[in-house]
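Q: After the structure tokens below, expect a handful of questions from me.
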Amino acid sequence: MSKQEAKKFEVKHHVAFTTSGGRGAGRSGKGHIEEIRPSAKGDFFGVREEGKKTLTFVRASQLRHAA
């Protein structure tokens, strides 16, 4: 995913994601973006899932707009 495509995701956007399981088992979920953290390897997006306290941080390539 290019940087231009990644910029389509902004705070408060409702998204779906799939994690690859870097820390723990891979899984899928839905939520809204609450935080964007820049990194040398690309931006990480903090997604808040309904009913969860903590944010799930995923890369732009793991996000897609929720239907």
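Q: Any idea of residue 12's accessible area? Nearest 10 Å², probe 1.4 Å.
A: Roughly 140 Å² of residue 12 is accessible to a 1.4 Å probe.
Q: Give the accessible area for residue 20 in Å² (nearest 10); use a 1.4 Å probe, count only protein heavy atoms, and leave out ligands, DNA and RNA.
A: Result for residue 20: roughly 100 Å² accessible.
Q: So if a site counts as exposed when it's one of the GluC sites (Glu not before Pro), its DSSP state isn't H, G, I, E or B, and it has at most 16 other Cβ atoms within 10 Å, what's the longest stretch of the chain without one? Don't jump to the answer; show the numbers that get you there.
A: Details: sites that count: 10, 50.
Excluding the exposed sites themselves, the longest stretch runs over 11-49.
Q: Suppose each label sits 7 Å from its Cα in the direction of the beta carbon; what would the residue 61-residue 10 distance come out to in nanometres?
A: Rounded to a tenth, the inter-label distance reads 2.6 nm.
Q: Normalized C-alpha radius of gyration of segment 16-64, against 2.2 N^0.38 Å?
A: Values: Rg = 10.2 Å, N = 49, 2.2 N^0.38 = 9.7 Å.
Relative to the rule-of-thumb radius for its length, segment 16-64 sits at 1.06.
The values are calculated or read from the model by the stated rules, or taken from the named source; none is laboratory data. This one's a predicted model, so the numbers in the text were calculated from it and none came from an experiment. Here Cβ is always computed from backbone atoms with ideal geometry, including for glycine, and neighbour counts include all displayed protein chains. Surface areas here come from the heavy atoms of the whole protein model, side chains and all, with no ligands, DNA or RNA. Shrake-Rupley method; radii C 1.70, N 1.55, O 1.52, S 1.80 Å.
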